[in-house]
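Step one of this worksheet: look at the structure below.
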Amino acid sequence: MGEVVDLCEDYRLSEDEAYDGVPCVFYNILLHNRKTCVGKIDLRLKMDERMYYFGHVGYYVNFIHRGKNYAYHACKLLFKIARKEFGMEELIITCSPDNIASYKTLVKLGGEYLETVNVPADHELYRRNERVKCIFRFKL
């Protein structure tokens, strides 16, 4: 699938199955042509005002595999899937400003920085102590 990593679909949640009503597809990030899982990435298939703070994409790279640009390569593959399989034309991806690695990944991916916003006090991210988000848009 990729040159550095591959994405292997793990599972899907429909709107009815997801606890928050947002259909998602979850993938394992595997080292290319190997079964070594280095992280996870998911694609959220719905965008509204609440989801703007979450974004369409969430990813996590296991601690021992960080610093190798795996999130960058996984996002590049996910962008192709989002466009081809789901007909998406753009994605919103967010990160906390203190997450320097994610911020650098989003810049390297060529995202258009839109804004840095305060998360509303009634939002579930706020309750998780995520108070500020940097918002990027990616044209697919």
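Some notes on this structure:
- Pair list, Cβ < 7 Å and 6+ apart or interchain, from region 78-91 residues that are at pLDDT 95 or above to residues that are small (Gly, Ala, Ser): 88/82; 91/82
- Residues of region 21-47 satisfying the condition of being surrounded by fewer than 17 Cβ atoms within 10 Å (Cβ to Cβ) and either of a type in the set (A, V, I, L, M) or touching a residue at least 60 places away in the same chain (Cβ under 8 Å) (or both): 31, 47
- Members of region 57-75 that are crowded, with 17+ Cβ neighbours inside 10 Å, of a type outside the set (Phe, Trp, Tyr) and free of Cβ contacts under 8 Å to residues at least 60 places away in the same chain: 57, 61, 71, 75
- In region 1-32, the qualifying residues are those that are among the aromatic types (Phe, Trp, Tyr) and within 14 Å of the chain's Cα centre (by Cα), and the one that is nearest to residue 47 (Cα to Cα) is 26.
- Filtered residue count, region 88-140, keeping only those that are in contact with a strand residue (DSSP E or B) (Cβ under 9 Å, 6 or more places away or on another chain) and under 21 Å from residue 69 (Cα atoms): 27
- Residue match in region 48-56 (condition: touching a Pro at 6+ places or on another chain (Cβ under 7 Å), crowded, with 16+ Cβ neighbours inside 10 Å, among the hydrophobic types (A, V, I, L, M, F, W, C) and in contact (Cβ under 8 Å) with a residue 24 or more places away in the chain): no
The values are calculated or read from the model by the stated rules, or taken from the named source; none is laboratory data. Predicted model, so just to flag it, every value in this text is computed and none were measured. So basically every Cβ, Gly included, is an ideal-geometry build from the backbone, and we count neighbours across all protein chains shown.
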